[in-house]
Amino acid sequence: MNKKIYHGGDRIIRNPSFGTGWPYNDFGLGFYCSEYPQYAAEWAVGPGRNGFVSSYSIDCDGLRIINLCSTQYTPLHWLGLLFNYREFDLSSDTAYRAREYINKYFSVDHQASDCIIGYRADNRCFMFAQDFLDARLSYQRFRNALTGDNSNRQFVLKSNRAFDRIIFTGYEPALSETSLPVRQSREIRAIKSMTPAAEKKGLFITTLIEEEVRPYDTRLR
């Protein structure tokens with residue numbers, strides 16, 4: 001099956017190469033793309049800075065793909081993978097215990113994967129994740145923040161095998177004046193929806209830890 005994917009950045013990338021980039025991205029070294037060109041355009045721009053959306057086709061047949069957005073996984077699996085590469089504030093006892101609990105029951109064996117599909121830990125999602133780890137945000141609202149739309153869903157090439165399958169198909173300019181306001185507006189709406197008065201109800205990380213809730217628990221779906 002051929003899939004179209006898009007990379008947003010400050011330059012056109014015709015030949016993505018394995019082993020380059022920043023090792024402390026969400027899922028480590030890899031080539032980070034979106035399945036949606038409009039969201040790749042939002043990632044490509046900044047204040048007063050235009051960019052480009054490079055487009056590709058990738059043959060996914062036979063590739064080992066971990067899809068953290070599928071029903072096989074939960075947002076806790078996504079956090080378990082994120083702990084390998086991103087740094088959270090674990091100064092509170094709750095957050096520290098949360099990491100230990102998630103690593104114990106929700107770790108993801110991703111070393112042999114060719115590609116990973118998962119949520120992008122942009123500023124808003126990272127903030128929601130931190131609030132969840134500190135028991136300021138319920139699991140339900142944390143999950144909804146991640147899965148509410150496809151804007152933060154990313155497709156990441158992780159292996160030489162995957163890079164051998166990717167074909168550059170063209171590019172389009174991404175304009176800051178067009179894409180940046182859309183992204184900022186969505187981020188503001190999301191943050192406002194997640195910052196009401198202190199939550200009283202819901203399933204919090206403290207309960208998950210105390211009850212040692214496992215991945216098959218229906219409350220996580």
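Brief remarks on what is shown
- Annotation: amide H of Asn67 within the under-5 Å range of Ile117, sequence separation 5 or more or interchain, hydrogens built in the peptide plane.
- Among Thr147, Thr169, Thr71, residue whose mean-square fluctuation peaks in a GNM of the chain (springs only between Cα atoms under 10 Å): Thr71
- Which of Ser107, Ser91, Ser54 has the fewest Cβ neighbours within 10 Å, and the rest in rising order: Ser91, Ser107, Ser54
- For Asp114, net neighbour charge (Lys/Arg +1, Asp/Glu -1) across residues whose Cβ lies under 13 Å away: +2
- Between Gly51, Gly118, Gly21, the GNM of the chain built on Cα springs shorter than 10 angstrom shows Gly21 fluctuating the most.
- Anisotropy class of the chain from Cα gyration tensor, a/c 1.5 cut: oblate
- By the rule of a C-alpha distance below 20 Å, with chain neighbours fewer than 8 residues away ignored, the lysines paired with Lys201 are Lys192.
- ³J(HN,Hα) computed for each position of region 161-176 - Karplus, 6.51 cos²θ - 1.76 cosθ + 1.60, integer Hz, glycine/proline x: 4, 5, 5, 5, 9, 8, 10, 5, 10, x, 7, 9, x, 10, 9, 4
- Exposure proxy order (Cβ contacts within 10 Å, fewest to most) of Leu220, Leu82, Leu29: Leu29, Leu220, Leu82
- Counting other Cβ atoms within 10 Å as a rough exposure proxy, the listed residues Trp43, Trp22 run Trp22, Trp43 from fewest neighbours to most.
- Shape call, region 74-130: gyration tensor on alpha carbons, a/c limit 1.5: oblate
- Under 20 Å from the Cα of Lys104 - aspartates and glutamates, other chains or at least 8 residues apart: Asp26, Glu87, Asp89, Asp93, Asp134, Glu210, Glu211, Glu212, Asp217
- Spatially proximal aspartates and glutamates relative to Lys4 (Cα-Cα < 12 Å; intrachain offsets below 8 disregarded): Glu35, Asp59
- Each Lys or Arg adds one and each Asp or Glu takes one away; over the other residues whose Cβ falls under 10 Å from the Cβ of Asp26, this sums to +1.
- Comparing Gly28, Gly170, Gly80 in a Gaussian network model of the chain, where Cα atoms under 10 Å apart are tied by springs, the biggest mean-square fluctuation is seen for Gly170.
- Note on the chain: helix-only mean residue ellipticity at 222 nm, from DSSP H runs of 4+ residues weighted -39500 (n - 2.57) and normalised by residue number, equals -10500 deg cm²/dmol.
All of the numbers you see were taken from the coordinates with simple rules; none came from a lab. Just so you know, these numbers come straight off a predicted model, no measurement behind them. Every residue, glycine among them, receives a Cβ derived from its backbone with ideal geometry; neighbour counts consider all protein chains shown.
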